[in-house]
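Structure, as structure tokens:
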Amino acid sequence: MIGRLIGWCLLVSTTTAAQQVVTPGNVTGVKISGQTIRITAANARAEITAWSHNVVRVRMDRKELEKDFSYAVVATPKNFSPSITQTADEIRLETDSLVARIGKKPFSITFLTKNGEVLLADEPGLNTSWIGEEVTAYKTMQDGERFIGLGEKTGNLDRRGSSYTNWNTDAFGYTVNQDPIYATIPFYIGIHHGKSYGLFLDNSYRTNFNFGASNNRFASFSANSGEMNYYFIHHPEVSGIITAYTWLTGRMQLPPLWSLGYQQNRYSYYPEAEVMRIAQTMREKQIPADGITLDIHYMDAYKLFTWNRQRFPDPAGMNARLRKLGFRTTVIVDPGIKTEDGYHAYESGKKEDIFIKYSDGQYYTGQVWPGWCHFPDFTGPKGRGWWKEQVKSFTNAGVDGLWNDMNEIATWGQNMPDNVLFDFEGRTATHRQAHNVYGLAMVRASYEGARESMQGRRPFLLTRAGYAGLQRYTAIWTGDNRAEDDHMLLGVRLMNSLGLSGVAFSGMDIGGFTGNGSPELYARWIQLGSFMPYCRS
């Protein structure tokens with residue numbers, strides 16, 4: 001009886017400790033080196049760096065900060081000399097554009113204009129804290145503050161009063177308020193009192209943003225694990241904030257001119273005779289179009305890097321004939337490689353050992369269109385190199401565009417185990433950390449492979465999933481929408497939010513992907529579609 005009681009007490013004690021809210025506490029040590037302030041606090045370590053005159057980075061963890069790494073950020077800090085001073089109570093970092101005041105008792109951060117007006121401040125008493133692995137930054141919500149951005153998020157353009165989760169999700173036929181959907185861009189812009197700021201949380205774990213949902217005190221952003229790692233941006237204009245954000249995460253290369261025209265697509269066009277009939281009919285009816293897209297039915301039993309030779313006996317010849325009619329061809333590519341003996345992609349993938357694995361070394365297997373599949377590890381150079389070699393088969397056949405789909409990663413059941421491991425550029429990461437960047441890593445491999453094999457011609461890349469920085473490689477469309485009025489209007493909001501988040505080349509399925517709209521709805525959708533950067537029905 002006494003043993004059971006002791007065991008119960010230990011369990012309660014351990015559970016209580018695990019659920020404690022831990023704050024950084026008071027600052028106990030400060031080291032200033034050039035543009036960087038390194039701080040030791042009672043319960044945390046922090047690093048604040050001026051990356052430019054209007055960008056300041058904040059890193060925090062309960063342990064020593066790890067070696068820096070990011071899939072999103074491609075910029076490096078500009079070399080300049082901000083003013084850094086300190087007293088017994090605070091540290092002051094000042095540039096030509098902003099001021100950061102770092103409180104010592106306890107550790108806290110307030111960002112201000114040069115005139116001393118508050119832009120963003122830690123909520124007193126809450127600041128940044130940990131509950132187990134989860135880390136959350138609580139910021140005072142200013143009177144009348146509005147929040148825009150966060151990329152591909154449903155709902156209102158003004159995010160105030162709502163909360164959002166970033167976890168790339170295969171969201172077939174999603175509702176107009178469903179969250180999350182396909183892509184993760186943890187960057188938003190706050191606007192209040194005639195001033196604006198940007199905040200980019202660069203953490204690829206599942207993250208959450210709360211802009212006053214269920215509370216009237218704070219806005220917050222959190223990550224299920226990993227560092228609190230964010231970039232604060234200030235500029236008098238929203239456009240200047242977007243410019244600074246895309247300086248950090250990169251900007252799009254010029255796409256091929258034809259990809260800015262109308263592209264015809266359906267689930268699905270086959271065989272070859274049907275593809276040519278569509279193209280010739282559009283020319284006969286003088287419908288301006290520059291691209292035609294092939295969905296999964298061009299493949300042999302949905303196996304990637306194959307053609308169904310009964311439906312498409314001569315892919316190169318078909319693509320050449322389409323080009324004479326003024327059409328460029330885009331084909332869909334999914335990451336799942338069918339586990340079938342003798343299938344060349346499966347055999348070569350095993351030989352080069354490029355598939356993701358469980359923690360015990362066995363390949364992960366999940367079901368998608370071809371059946372049971374393995375999945376390339378795009379988070380390492382070996383997996384990307386293998387993929388780049390495979391996509392040459394498409395460019396050699398005259399394909400000009402690659403449509404990257406199902407790359408959330410999507411599998412039937414939508415629940416990949418967390419103990420699947422990824423290379424993560426030699427760092428090794430679980431599915432929890434790699435999930436949101438998988439789509440970005442896939443389009444990087446597709447882009448680099450197509451660019452190399454097309455010998456200087458610009459490839460067209462499209463993706464369904466991605467992470468901050470996806471604009472470096474690809475356009476994005478808003479996934480499997482519905483043929484309904486509210487989805488037409490939602491698509492406009494999604495594209496505006498993507499544009500505010502650094503992604504200029506975006507579109508939606510004109511007319512809807514699932515369901516059948518009325519002729520009136522379709523006509524209005526086509527009218528709207530003519531103004532979309534990526535224009536396809």
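Structure notes:
- Subset of the range 109-146 [open to solvent by 20 Å² or more (accessible area, probe 1.4 Å) and without any contact (Cβ under 8 Å) to a residue 24 or more places away in the chain]: Thr110, Lys114, Asn115, Gly116, Pro124, Gly125
- Verdict on Arg277 being open to solvent by 30 Å² or more (accessible area, probe 1.4 Å) and more than 30 Å from Ala301 (Cα to Cα): no
- Number of residues in the range 346-362 that are open to solvent by less than 60 Å² (accessible area, probe 1.4 Å), touching a strand residue (DSSP E or B) at 6+ places or on another chain (Cβ under 7 Å) and part of a loop (DSSP other than H, G, I, E, B) equals 2.
- For Gly499, the stated conditions do not hold, so it cannot be described as in contact with a His (Cβ under 9 Å, 6 or more places away or on another chain), farther than 29 Å from Ser393 by Cβ and open to solvent by 10 Å² or more (accessible area, probe 1.4 Å).
- Single match in Trp403, Trp372 (criterion: at pLDDT 95 or above, in a strand (DSSP E or B) and closer than 30 Å to Leu257 by Cβ): Trp403
- Listed conditions (1) within 22 Å of Leu490 (Cα to Cα); (2) open to solvent by less than 30 Å² (accessible area, probe 1.4 Å); (3) in contact with a strand residue (DSSP E or B) (Cβ under 6 Å, 6 or more places away or on another chain) are all met by Tyr262, apart from (2).
- Sole exception among (1) free of Cβ contacts under 8 Å to residues at least 12 places away in the same chain; (2) not in a loop (DSSP other than H, G, I, E, B) for Val391, by number: (1)
- Top-ranked residue of the range 512-531 - restricted to ones that are closer than 14 Å to Gly173 by Cβ and open to solvent by less than 100 Å² (accessible area, probe 1.4 Å), ranked as modelled with the lowest pLDDT: Gly517
- Some residue of the range 441-460 being surrounded by 24 or more Cβ atoms within 10 Å (Cβ to Cβ) and under 19 Å from Tyr364 (Cα atoms): yes
- In the range 252-294, the residues that are in contact with a helix residue (DSSP H, G or I) (Cβ under 9 Å, 6 or more places away or on another chain), assigned to a loop (DSSP other than H, G, I, E, B) and among the small types (Gly, Ala, Ser): Ser268, Ala289
- Some residue of the range 454-473 being at pLDDT below 95 and either within 23 Å of Thr243 (Cα to Cα) or among the small types (Gly, Ala, Ser) (or both): yes
- Within the range 40-67, considering residues that are outside any loop (DSSP other than H, G, I, E, B) and in contact with an Asp or Glu (Cβ under 7 Å, 6 or more places away or on another chain), the one surrounded by the most Cβ atoms within 10 Å (Cβ to Cβ): Met60
- Looking only at residues of the range 382-429 that are among the small types (Gly, Ala, Ser) and open to solvent by less than 20 Å² (accessible area, probe 1.4 Å), we find that the one that is nearest to Ala475 (Cα to Cα) is Gly401.
- Test: residue in the range 281-301 that is touching a His at 6+ places or on another chain (Cβ under 7 Å) and either on the phi < 0 side of the Ramachandran plot or hydroxyl-bearing (Ser, Thr, Tyr) (or both): no
- In the set (1) free of Cβ contacts under 8 Å to residues at least 24 places away in the same chain; (2) open to solvent by less than 40 Å² (accessible area, probe 1.4 Å), the condition left unmet by Gly149 is number (1).
- Across the range 308-335, the qualifying residues are those that are in contact (Cβ under 8 Å) with a residue 60 or more places away in the chain and open to solvent by 30 Å² or more (accessible area, probe 1.4 Å), and the one among them that is nearest to the chain's Cα centre (by Cα) is Arg328.
- Within the range 485-496, considering residues that are open to solvent by less than 20 Å² (accessible area, probe 1.4 Å) and of a type in the set (A, V, I, L, M, F, W, C), the one farthest from the chain's Cα centre (by Cα): Met488
- Any chance Arg432 is under 16 Å from Tyr205 (Cβ atoms), of a type in the set (Lys, Arg), open to solvent by 40 Å² or more (accessible area, probe 1.4 Å) and over 12 Å from the mean Cα position of the chain (by Cα): yes
- Qualifying residue in the range 449-456 (condition: basic (Lys, Arg), under 27 Å from Met508 (Cβ atoms) and assigned to a helix (DSSP H, G or I)): yes
- Restricting the range 68-108 to residues that are among the acidic types (Asp, Glu) and surrounded by fewer than 15 Cβ atoms within 10 Å (Cβ to Cβ), the residue that is farthest from Ala44 (Cα to Cα): Asp96
The values are calculated or read from the model by the stated rules, or taken from the named source; none is laboratory data. In this text the structure is predicted, and so the values were computed from the model without any measurement. Cβ sites come from the backbone with ideal geometry, for glycine too, and all protein chains shown count toward neighbours. Heads up: the accessible areas ignore ligands, DNA and RNA and are worked out on the full protein's heavy atoms, side chains in. Shrake-Rupley method; radii C 1.70, N 1.55, O 1.52, S 1.80 Å.
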